[in-house]
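Asks: Here's a structure for you.
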Amino acid sequence: MLTKRIIPCLDIKDGQTVKGINFISLKSVGDPVELARAYSDQGADELVFLDISATVEGRKTFTGLVERIALNINIPFTVGGGISSVEDAAVLLRAGADKISVNSSAVRNPDIISGIASRFGSQCVVVAIDAREVDGIWRVTTHGGSRFSDKELYSWARQAESLGAGEILFTSMDHDGTKNGYACEVYRRLSGILDIPVIASGGAGTAGHICDVLSDDGGRADAALAASVFHYGEILIPALKRELAEHGIPVRL
Amino acid sequence: MIGIIDYGAGNIRSVENALKRLGAGYVLASDIETLSGCDRLLLPGVGEARWAMDRLREKGLADFIRGTSKPLLGICLGMQLLCSWSEEGDVDCLGIMENKVRHFRSVTPENVRLKIPHVGWNSISSLKTDLFRDVPDGAYMYFVHSYCADIGPDTIAVTEYGTRFSSALRKGNFMGCQFHPEKSGDMGERILAAFLRTGF
C-alpha cells in the first residue's frame, strides 16, 4: 500500500542549515548533509532543502551542496528557493536533485511550470503555494507571505496541475509557525479537486496534528512537511510514524 | 566494471551516485564495444517508452541488449523496456519478458480514484530470486511512474496501487525493477548490492 510521507524541511543559507538543531548530537550542527543523513536514518521519507541565501555566492554554494547531498543521501530530495528560470532548475537537477519546487516565480510566470515539466518530466516539479484567508477567500501570497498576488488558491492549484505540476505543496500562512495544527479543511478540498499528490505544510505542533492532516477523516494530504518541530526534537520521526500507524495511516516503518 | 547504458534517457546521476556509494566501478557508454567489455549492465530510464525504444534501436542497442548474456538490471522505464509492449506510445519494446505495460488508468476500474503518477513509498511482496536475498517481504521502495507492467511468469515482486502489478521482473540474466533502488534508502541499496555481487 502506498504510504503517506513525512518530510523534514531544512532552510539553507550560504550552504549551512539555519535553524537550531538539537534533536540529535551531530558533529557539525550546521552541515546539511550530516543532518540529512540523520533524518534519513530516523525514517524521513523525503527531504526538502530550501535555499534562503540572498547572494550570488550563496547560490553557487547551494549548487555544490546539492551535489554533496545527492552523493551521500539515498532517499529522494527536493530543492527550492529562488528558482526563477528553467535554467536555474536544470542546474539543480543536473547536480542531483530529484525534484525542484517553485513558488513566487511560478505565480509571476506560470510558464516556468510547463517549461520544467516538458523538459524534465512532471515528477520533478513541485509547485509550492503560500496563501492566507481573507474574507473567506484563500489568496495566494508571494515572498514568504508578505505580498498578495491576484491569484486564488484553488484555481491556481488546478492551473498549476494542468501546466504540469507533479505535486502541490500548500502552506497556510495563517497556520505556519502557530503549532496549532494544519489547515485540514483546505487540504481536504485540495485533495478532492486535484489528481496529483498534495503535501501539507504549516502548523504542525504535535504528532496528532500530522495525523489529522493525513487521515481520511481529516485533511487527506499525501505527505506532511514540517521544520522546527523536527529540528528541535519536539516530534521524533520514529515515534511519529508509530503513532500514525496506530491510527491506521499507512507509513513506511 | 558496470556498464550504464547511456541512450540519453533522463537523469542517471542518482544511479551513478548509488554505484559510487557501493564502491562499484562503472562506465557510462552508448557504444557496443565498451558495453561488451563490462561484467554487468544497467539500463536506467526516465522518460517516454516510444522515445526510449527509438533511441535504443537507432544506436543498435536494442539487439545488443537482447543478445547479451551478462547480468542486466533495468530500472523504472528501463524495466518496462524489457517487456513486450508499452501503451505509452503504443510501442513494441525489447520483448525479453512477455509482460505488457499499461497506464494505471487503463488497468483500474473507473470508480477507483488514483492520483497519478504513483509516487512515494510502497511495499513489494511475493519476492522471488536472490536479488531480494537481503530484503524482507513487504519492504518499502520508492516509486515514480504512471505506467505499470502486468503480472506474469517472470514476475519476482508484486506491488499494489489500484491494481496489482509487477514491481520487479526476472528472466535468466535479465532483471528489472519498477521502483528506484538508488532512491529507496538502505533497503534499495541492498538490492543493488545483490545485483552487483551475485553470480547470476
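The values are calculated or read from the model by the stated rules, or taken from the named source; none is laboratory data. Quick caveat: nothing in here was measured; it's all calculated off a predicted structure. No Cβ is skipped: glycine too gets one built from the backbone with ideal geometry, and neighbour counts run over all protein chains shown.
Asks: Given the conditions (1) within 25 Å of A:Cys184 (Cα to Cα); (2) more than 14 Å from every other protein chain (Cβ to nearest Cβ); (3) crowded, with 22+ Cβ neighbours inside 10 Å, which single one is not true for A:Ile112?
Replies: The number of the failed condition is (1).
Asks: Just checking, which of A:Phe120, A:Phe77 is at pLDDT 95 or above, buried (at least 18 other Cβ atoms within 10 Å of the Cβ), closer than 26 Å to B:Gly120 by Cβ and aromatic (Phe, Trp, Tyr)?
Replies: Numbers: A:Phe120 fails: at pLDDT 95 or above.
Within the list A:Phe120, A:Phe77, the selection yields A:Phe77.
Conditions (1) of a type in the set (Val, Ile, Thr); (2) closer than 19 Å to A:Trp156 by Cα; (3) touching a Phe, Trp or Tyr at 6+ places or on another chain (Cβ under 7 Å), marked per residue:
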{"site": "A:Ala70", "(1), (2), (3)": "no, no, no"}
{"site": "A:Phe77", "(1), (2), (3)": "no, no, yes"}
{"site": "A:Leu92", "(1), (2), (3)": "no, no, no"}
{"site": "A:Gly96", "(1), (2), (3)": "no, no, no"}
{"site": "A:Val107", "(1), (2), (3)": "yes, yes, no"}
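Asks: Tell me, which residue of segment B:35-52 that is out of contact with any Ser or Thr (no Cβ under 7 Å at 6 or more places or on another chain), within 14 Å of chain A (Cβ to nearest Cβ) and assigned to a helix (DSSP H, G or I) is farthest from B:Lys70 (Cα to Cα)? Outline the logic, then answer.
Replies: Kept after step one, since they are out of contact with any Ser or Thr (no Cβ under 7 Å at 6 or more places or on another chain), are these residues of segment B:35-52: B:35-40, B:42-48, B:50-52.
This time we only want the ones that are within 14 Å of chain A (Cβ to nearest Cβ), so: B:44-48, B:51-52.
Going one step further and asking which of them are assigned to a helix (DSSP H, G or I), we end up with B:51-52.
Values: B:Trp51: 25, B:Ala52: 21 Å.
In this case the residue turns out to be B:Trp51.
Asks: Would you tally the residues in segment A:167-185 being of a type in the set (A, V, I, L, M, F, W, C), crowded, with 24+ Cβ neighbours inside 10 Å and touching a helix residue (DSSP H, G or I) at 6+ places or on another chain (Cβ under 7 Å)?
Replies: Just the residues of segment A:167-185 that are of a type in the set (A, V, I, L, M, F, W, C), to begin with: A:168-170, A:173, A:183-184.
Subset that is crowded, with 24+ Cβ neighbours inside 10 Å: A:168-170, A:183.
Checking which are touching a helix residue (DSSP H, G or I) at 6+ places or on another chain (Cβ under 7 Å) leaves us with A:168, A:170.
The total comes to 2.
Asks: Follow-up question, since we're still on this one. Quick test for you: out of B:Gly25, B:Gly37, pick the one residue that is more than 18 Å from the chain's Cα centre (by Cα), farther than 30 Å from A:Ile73 by Cβ, modelled with pLDDT of 95 or more and of a type outside the set (Ser, Thr, Tyr). Step through it out loud before you land on a result.
Replies: Working: B:Gly25 fails: farther than 30 Å from A:Ile73 by Cβ.
The unique qualifying residue is B:Gly37.
Asks: Just one of the numbered conditions (1) modelled with pLDDT of 95 or more; (2) polar (S, T, N, Q); (3) farther than 25 Å from B:Pro117 by Cβ is not true of A:Ser228; which one?
Replies: Condition not satisfied by A:Ser228: (1).
Asks: Could you list, in sequence order, the residues of segment B:69-84 that are of a type outside the set (A, V, I, L, M) and buried (at least 20 other Cβ atoms within 10 Å of the Cβ)? Give the derivation first.
Replies: Going residue by residue through segment B:69-84, those that are of a type outside the set (A, V, I, L, M) are B:69-71, B:74, B:76, B:78, B:80, B:83-84.
Those that are of a type outside the set (A, V, I, L, M) and buried (at least 20 other Cβ atoms within 10 Å of the Cβ): B:Pro71, B:Gly74, B:Cys76, B:Gly78, B:Gln80, B:Cys83.
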